[in-house]
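All remarks here apply to the structure that follows.
The values are calculated or read from the model by the stated rules, or taken from the named source; none is laboratory data. Because the structure is predicted, anything quoted here is derived from the model rather than measured. Positions of Cβ are backbone-derived with ideal geometry, glycine not excepted, and every protein chain shown enters the neighbour counts. For accessibility, only protein heavy atoms count, side chains too; no ligands or nucleic acids. Shrake-Rupley method; radii C 1.70, N 1.55, O 1.52, S 1.80 Å.
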Amino acid sequence: MDIPQTRYARSGDLQIAYQVVGEGPLDIVLVPTYLSNIEMYWELPSFARFHERLAAFSRLILFDRRGSGMSDGIAGATPLEEQIDDVQAVIDAVGCEQPVLASWLEGCTLTALYAASHPDLVRALVLISPQ
């Protein structure tokens, strides 16, 4: 699979990098840990396979959290409550109505906080090894 085009969603003064892969009827937003790089993931075979499998039955939305990867900002300098706006900016840019939110490790904290803040906007949560 070719590396998907990286696009940017505006969140306040920052640009949040995101990619969309697949065309399935289900939207899945992968909320990453604080360190990520959506373009490098495609060069790592295990990540690429994981993303390709999810995109086989969904519209998969990947993004880099602020201060990480291709996104603006300083990593760890922003409270999670403000990072909720970044998740929302990506969801709005893609046009999701009620996505499944999935995350792993410490990314689960932001995922759970977003879902608790916007329960009517989330279809389901998938939390893998939350910390």
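Farthest toward the positive end of the dipole of the chain, out of V21, F50, G67, is the Cα of F50, where the dipole comes from beta carbon charges about the Cα centre. Contact order for the stretch 17-131, expressed relative to its length and based on alpha carbon pairs under 8 Å spaced 6+ residues apart, stands at 31 percent. The apolar share of the surface of the chain, taken as the fraction of accessible area on carbon and sulfur atoms (1.4 Å probe, ligands and nucleic acids excluded), comes to 53 percent.
Averaged per residue, the chain has 51 square angstrom of accessible surface, using a 1.4 angstrom probe with ligands and nucleic acids left out. GNM remark for the chain: springs join alpha carbons under 10 Å apart, and the peak mean-square fluctuation among S46, S36, S11 falls on S46.
Distant-in-sequence amide contacts of Q15, defined by a placed amide H-H separation under 5 Å and a gap of 5 or more residues or a different chain, comprise D72. Taking L80, L101, L44 as the candidate residues, the one with maximal mean-square fluctuation in a Gaussian network model of the chain, Cα springs under 10 Å, is L44.
Computed extension gain for F57 through L105, at 0.36 nm per residue and net of the alpha carbon distance, reaches 14.9 nm.
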